[in-house]
């Protein structure tokens, strides 16, 4: 008994959290989830991280670099050399003549070398400075393009969200039409029993009901497809998405600017042009000398060595070099200084790189000019479409009002036998189509409003 009470208490306590986890997400929830789940945006973020690493690499280029190398192994070397002839006068009647000789020096043994070396770039000729600036501009361009991708996500998710509302309202309209037909069918049943209408007229109402049933089945299929789409885009559970029940409302939006210079595409290209300009400046520094500081300390050793010559060191001395040092080493061997590299002629590679960078800059300028033209045309088109969409909503509202009045009149006359079932079904279809067209007009108006916001880079979730 106590266990049952405990289980019931846990169910009562946890049920609000369960309901909360299954609550329908709003538009902002869906957009945030889609942003986190979008593969294209995540790829752009990773690419931006690579650009940031490139920036760090350029910063670190002036840091000192230290390396240590060591090796050991068997050494054998042999070299030929000549000793020059010498004439040495000793006293007036006595002279010493040493003829020129060819000899061979052989060295063998176990060698060991070790070297620690440090180097640091002091001056890059100004190239690194401009490369860093170009890389920063590239990073800014990538960030702006991520803004564009987020805008694309907002457009896609808001469209799917509004489609949910459109489908839901379509279901309400279909259900209401089905209920009206059910009521009118009872009237038709009585009229058929009294002989006021023919069986053919009665079958028309049955056919209209069958058509509505097929449309309801079609609605369920579209709804499942929409749930799958949002599930894949956001990663949310299908059960939560199925609870979405939005209401379509027109979006009121007043264009505050007719300029497109704040569009993400334009700003990204502007930073790209600036990056190209810095790349040109960097490439133009190909001929400037580079200065580097360098220092090293080294060790050389010979173990179990053997040093010999093939012939006498001095003619007539009968003495050949034959040494067997157990350990011979040189330490330290210290070197420190400053060096420079000056590319006086690099086979025109530097000039070619400059020309290529200038062409790339010109390409970006042309892209920007073309993008401005297209975006201005797009803005003008979106303004026109937005105004037309608003007018369409007013028109469809009037059509719904007229269709409602017409259906009521036909229903009355059908009960009195002055209208046929064909007239009734026609009036019912007119109202059904008018109500669906009204919701479609609101849906289209929201699409036009969102595109208009996007045209002036003013697409924000709170405006939807």
Keeping to region 423-457, report how many residues are surrounded by fewer than 19 Cβ atoms within 10 Å (Cβ to Cβ) and over 25 Å from residue 247 (Cβ atoms). 2
Can you name the residue in region 394-422 that is closer than 19 Å to residue 443 by Cβ and loosely packed, with under 15 Cβ neighbours inside 10 Å and, of all such residues, is farthest from the chain's Cα centre (by Cα)? 398
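At pLDDT below 85, surrounded by fewer than 11 Cβ atoms within 10 Å (Cβ to Cβ) and under 35 Å from the mean Cα position of the chain (by Cα): does that describe residue 20?
Working: at pLDDT below 85: yes; surrounded by fewer than 11 Cβ atoms within 10 Å (Cβ to Cβ): yes; under 35 Å from the mean Cα position of the chain (by Cα): yes.
Against the criterion (at pLDDT below 85, surrounded by fewer than 11 Cβ atoms within 10 Å (Cβ to Cβ) and under 35 Å from the mean Cα position of the chain (by Cα)), residue 20 qualifies.
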Among the residues of region 230-262 satisfying the criterion of being in contact with a helix residue (DSSP H, G or I) (Cβ under 6 Å, 6 or more places away or on another chain) and not in a loop (DSSP other than H, G, I, E, B), which is farthest from residue 453 (Cα to Cα)? 238
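Tell me, please, whether a residue that is modelled with pLDDT of 85 or more and either surrounded by fewer than 17 Cβ atoms within 10 Å (Cβ to Cβ) or not assigned by TED's automatic domain parsing to the domain that holds residue 171 (or both) can be found in region 255-262. Before you say what the answer is, go through the steps one by one.
Within region 255-262, the subset modelled with pLDDT of 85 or more is 260-262.
Remaining after also requiring either surrounded by fewer than 17 Cβ atoms within 10 Å (Cβ to Cβ) or not assigned by TED's automatic domain parsing to the domain that holds residue 171 (or both): 261-262.
Taking every residue of region 255-262 in turn, at least one turns out to be modelled with pLDDT of 85 or more and either surrounded by fewer than 17 Cβ atoms within 10 Å (Cβ to Cβ) or not assigned by TED's automatic domain parsing to the domain that holds residue 171 (or both).
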What's the number of the condition residue 369 fails, among (1) surrounded by 12 or more Cβ atoms within 10 Å (Cβ to Cβ); (2) assigned to a helix (DSSP H, G or I)? (1)
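Having 1 or more residues that are under 30 Å from residue 326 (Cα atoms) and either in contact with a strand residue (DSSP E or B) (Cβ under 8 Å, 6 or more places away or on another chain) or modelled with pLDDT of 95 or more (or both) is the bar; report the strands (runs of 3 or more DSSP E) wholly within region 24-136 that clear it.
Numbers: elements: 65-83, 86-91, 94-98, 101-123.
The strands (runs of 3 or more DSSP E) meeting that bar are 65-83, 101-123.
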Residue under evaluation residue 346, criteria (1) touching a residue at least 60 places away in the same chain (Cβ under 8 Å); (2) exposed (fewer than 14 other Cβ atoms within 10 Å of the Cβ); (3) closer than 20 Å to residue 66 by Cβ, criterion not met: (3)
Hey, any hits in region 237-245 for a residue that's at pLDDT below 85 and in the same structural domain as residue 162 (by TED's automatic domain parsing)? yes
Of the criteria (1) crowded, with 20+ Cβ neighbours inside 10 Å; (2) at pLDDT below 90; (3) part of a helix (DSSP H, G or I), which one residue 389 fails: (2)
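Pick from 152, 162: which is without any contact (Cβ under 8 Å) to a residue 24 or more places away in the chain and in a helix (DSSP H, G or I)?
Details: 162 fails: without any contact (Cβ under 8 Å) to a residue 24 or more places away in the chain.
One residue alone meets the criteria, 152.
Within region 305-343, can you find the residues that are in a loop (DSSP other than H, G, I, E, B) and at pLDDT 85 or above?
Within region 305-343, the subset in a loop (DSSP other than H, G, I, E, B) is 310-321, 324-326, 342-343.
Residues satisfying the conditions are 324, 325, 326.
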Can you find a residue in region 211-224 that is surrounded by 12 or more Cβ atoms within 10 Å (Cβ to Cβ), over 30 Å from residue 408 (Cβ atoms) and in contact (Cβ under 8 Å) with a residue 12 or more places away in the chain? yes
Only one of 204, 285 that is surrounded by 12 or more Cβ atoms within 10 Å (Cβ to Cβ), in a helix (DSSP H, G or I) and in contact with a helix residue (DSSP H, G or I) (Cβ under 9 Å, 6 or more places away or on another chain): 204
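The values are calculated or read from the model by the stated rules, or taken from the named source; none is laboratory data. Keep in mind the model is a prediction, meaning the values are calculated, not measured. In this analysis, Cβ positions are derived from the backbone assuming ideal geometry, glycine residues included, and neighbour counts consider all displayed protein chains.
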